[in-house]
Structure formats: C-alpha cells, structure tokens
Amino acid sequence: MKKTKMEIYQEEQLVLSKERTILSFMRTGVAFLAAGVVVISILEQFLADLTGYGLIIFGAFEIFESFRRLKSKQEEMHKLKKELEKARRVF
C-alpha cells in the first residue's frame with residue numbers, strides 16, 4: 001500500500017524528533033566527559049580519579065551509542081525522502 005504525502009511528512013517529522021532526542025543524548029555524553037575531566041584535574045584522590053574515569057567511560061559510551069542510533073535514523077530519513085520523491089511524481 002502506497003503512502004500519501006501527508007503520511008510521509010508525518011513520518012519525517014517523527015524521525016526528525018527522534019534525531020533531536022538522540023543529539024540531546026550525545027550532548028549529555030559530552031557533558032559527562034567534561035565532568036570526568038574536571039573531577040580528575042581538580043581532585044587528587046583515588047576515589048575522585050576512579051569517579052572521573054568512570055564518567056569519561058560512560059560519556060564516551062553514550063556518545064558512541066548515540067552516534068550509532070543517529071546513523072540508523074539518518075538512513076531511515078533517506079528512505080523517506082526517496083518515498084516522498086516517488087509520491088511527488090505520482091501526484
């Protein structure tokens with residue numbers, strides 16, 4: 001069953017909102033990285049170093065995972081754009 005232009009636009013809006021959410025998770029990961037660096041550089045205790053490295057690892061993981069999800073959403077958006085081009089030719 002073919003989708004109408006309106007349905008494709010609605011899906012496009014949904015994908016774009018998911019991309020914005022993923023980018024906010026990526027910003028959170030960068031904030032964790034920064035917090036880890038600050039904790040390590042300011043405090044010089046073993047527990048603080050351990051906490052700082054934990055924040056850095058968590059932030060790096062969050063950035064990596066967000067990047068992976070962002071790539072999949074970009075591929076989904078590319079498919080929607082192709083569908084929209086086909087729908088424009090029909091109407």
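Coordinate-derived values only; no laboratory data. Treat the numbers as computed from the prediction; the structure is a model and nothing was measured. Cβ coordinates were reconstructed from backbone atoms using ideal geometry, including for glycine residues, and neighbour counts include every protein chain displayed.
By the beta-carbon count within 10 Å of each Cβ, the least crowded to most crowded order of Phe67, Phe58, Phe46, fewest first, is Phe46, Phe67, Phe58. Going down the list Lys3/Lys71; Lys5/Lys71; Lys18/Lys81; Lys3/Lys79, which pairs span over 20 Å between their C-alpha atoms? Lys3/Lys71; Lys5/Lys71, as the Cα separations exceed 20 Å there.
Taking all pairs of distinct Cα atoms, average 1/r, flip it, and tell me the Kirkwood hydrodynamic radius of the chain in Å to one decimal place.
15.4
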